[in-house]
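Step one of this worksheet: look at the structure below.
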Amino acid sequence: MMILITYDVETVSAGGKKRLRKVAKACTDYGQRAQNSVFECVIDPAAWVILKNRLLEIIDQEKDSIRFYYLGSNWDQKVEHYGTKPTYNLENDSLII
């Protein structure tokens, strides 16, 4: 299934900057960056539970926000891309370089 993750982390404090890096790292472990604070993740349900819990442990819900958009299995029919930042096939290409 494809999940789109968007987040807004407070970066005024050093702690906020650290949370921002941790959120980005967690998302990078499971998907590709589509925009600065937007990640596309093709992920199985078990890995999704792990990632979601990891992200919810990182953010400060009093200062930060995170959204999860569930695009499902037919996500390739729902996503159009134009312009820079070429993408790769999340289901067939390896994320490990």
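Please treat every number below as a calculation from the coordinates, not as lab data. From a predicted model like this one, the values you see are computed outputs, not experimental measurements. Using ideal geometry, Cβ is built from the backbone for each residue, glycine included, and neighbour counts are taken over all protein chains shown.
Some values worked out for this structure:
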item: Translational diffusion coefficient (Stokes-Einstein; Kirkwood radius from C-alpha pairs) of the stretch 1-63 at 20 °C, 1.002 mPa s, in µm²/s; result: 180
item: GluC sites (Glu not before Pro) restricted to the stretch 1-87 and DSSP loop, no more than 12 other C-beta within 10 Å; result: GLU62, GLU80
item: Difference of contour (0.36 nm per residue) and Cα-Cα distance, GLN35 to ARG21; result: 3.6 nm
item: Length gained when the stretch THR11-ASN74 is fully extended (0.36 nm per residue, less Cα-Cα span); result: 19.2 nm
